[in-house]
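Undergrad: Below you'll find the structure I mean.
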Amino acid sequence: MRQITVTAPKGAAPKVLDLAFSAGASDVTVFEKRVFSQDGSATIKEVLELDCGTPVAKTFVDLLISKPFFNRDEFSIAIRQPRSVISSGRVRKLTRPMVEPATDLFEELWQFSQITYGFVGRILIGAILLSYGLNEYQLLFMIAGLLFIPLLPLMLALGFGIWTRQWRLAIQGALSLLIALMLLSGGGAIVALLTNPPIRFSDFNSLATSTLISLAVGVAAGLATADDVGRREMIGLAATAQVAIVPAWLGLGLVHGFPLTASPPSARLGGLLLSIVAISLASLITYAAIGIKAAALQCFKKDSDETRR
């Protein structure tokens, strides 16, 4: 379910209203408000509010931002997700969870791909817990570390950004992922300096098995992020397990030395890269299959063009 508020320039309300009804909205509230700028000037804006199911919201937002009269300098759209909506609409239709508006997913992936102190701190702490678990083969420490490490949104940002031609998002996702992998290796090295060899963990999957699991995780993640229901955290844990263990293991091995019985580090690194590609590619194909379109994000084209220049 979605609550949508559109703030439009005076006189634009009838056009927006027609789009809302053509998308399937049952009723729309329209009113005027005075908006003050930083310089003290005021303008009259028209505001449209509607409560609707997720598919109606996606259709309406996609229609609105694709129209020639829409631009981000004059319009604004706020989309909220309420716990419940009690109205004349049928509950079955109102609660249908797929597919989220592309703008929701776009800005959610941007939010998770930002490199902040919190991002660095969570990954480094998670890397230390994970690396200790790998070195001592303590499963609870490994799981605790994996829960701290948010890698899945970064790979989804790659797939989503490439599919929708939002290059700035794809680059941000790739950069954040690279930093995360470096932090994971750094956490492994820190733990190695404080512990004794050997590295006890050696239960790596074969290359074929890891690739198949990564493809499945990418599809599941793409479906989960386009849906209002489900437990995304568990899918995130599965994706992180496919990617985070190898760089942490490499960080341990650079200090402790790699076990003679283990596969060479180059093979593990190749498997890591293949898992990242598999998850990103599977999510890209999933977004294409469920109808996410680049045209739905045309209003962000200026941001992407700035990156290419």
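Read-outs throughout are calculated quantities, based only on the coordinates presented, and are distinct from any laboratory measurement. Just so you know, these numbers come straight off a predicted model, no measurement behind them. So basically every Cβ, Gly included, is an ideal-geometry build from the backbone, and we count neighbours across all protein chains shown.
Undergrad: For MET155, MET182, what ranking results if the residue with the fewest other Cβ atoms within 10 Å of its Cβ goes first?
TA: On the way: MET155 31, MET182 14.
Lowest to highest Cβ neighbour count: MET182, MET155.
Undergrad: Run the dipole for the chain about the Cα centre, Lys and Arg Cβ at +1, Asp and Glu Cβ at -1, nothing else charged, and hand back the magnitude in debye, nearest 20.
TA: Around 300 debye, computed over the chain.
Undergrad: Compute the relative contact order of the chain as a whole-number percentage, counting only Cα pairs closer than 8 Å that sit 6 or more residues apart in sequence.
TA: It comes to 20 percent, rounded to a whole number.
Undergrad: Magnitude of the Cβ-charge dipole of segment 49-191, K/R +1 and D/E -1, about the Cα centre, nearest 20 debye? Spell out each step's value before the answer.
TA: Details: 12 positive and 10 negative charges, 83 e Å.
The calculated dipole for segment 49-191 is roughly 400 debye.
Undergrad: Applying 1/(1 + (r/R0)^6) with R0 = 22 Å to the Cβ-Cβ distance of SER76 and GLU108, what FRET efficiency is obtained, to the nearest 0.05?
TA: Working: r = 18 Å, r/R0 = 0.81.
Using R0 = 22 Å, I get an efficiency of 0.75.
Undergrad: HN-Hα J couplings of segment 136-144 from phi, Karplus 6.51/-1.76/1.60, θ = phi - 60°, integer Hz, Gly and Pro as x?
TA: Karplus values, whole Hz, x for Gly and Pro: 9, 6, 10, 4, 5, 5, 4, 5, 4.
Undergrad: Treat segment 2-94 as a sphere of radius equal to its Kirkwood radius over Cα pairs and apply Stokes-Einstein at 4 °C in a medium of 1.567 mPa s; give the translational diffusion coefficient in µm²/s, rounded to a whole number.
TA: The calculation lands on 93 µm²/s.
Undergrad: Right, another one. How much FRET efficiency would the formula 1/(1 + (r/R0)^6) give for ILE86 and THR5, where r is the Cβ-Cβ distance and R0 is 25 Å, rounded to 0.05?
TA: Working: r = 19 Å, r/R0 = 0.74.
Calculated value: 0.85.
Undergrad: Sorted from largest down, what three extents in whole angstroms do the Cα atoms of segment 102-308 have along their principal axes?
TA: 55, 34, 31
Undergrad: Can I ask one more? Rounded if a/c is under 1.5, else prolate if a/b beats b/c, else oblate: with a ≥ b ≥ c from the C-alpha gyration tensor eigenvalues square-rooted, which is segment 147-224?
TA: It is oblate, given that a/c is not under 1.5 and a/b is not larger than b/c.
Undergrad: Now for a separate question. If each residue of separation counts as 0.36 nm, what is the full-extension length gain between THR95 and LYS33 once their alpha-carbon separation is subtracted?
TA: Details: separation 62, 0.36 × 62 = 22.32 nm, distance 3.04 nm.
Result: 19.3 nm gained on full extension.
Undergrad: Using Cα-Cα distances under 8 Å and only pairs 6 or more residues apart, what relative contact order does segment 2-94 have, in percent? Present the calculation step by step, with values, prior to reporting the outcome.
TA: Working: 129 pairs, mean separation 38.8, N = 93.
Answer for segment 2-94 is 42 percent.
Undergrad: Compare the peptides 33-42, 113-122 by average per-residue count of other Cβ atoms within 10 angstrom and give them in order, highest first.
TA: Working: 33-42: 8.0, 113-122: 13.1.
Answer by packing, highest mean first, reads 113-122, 33-42.
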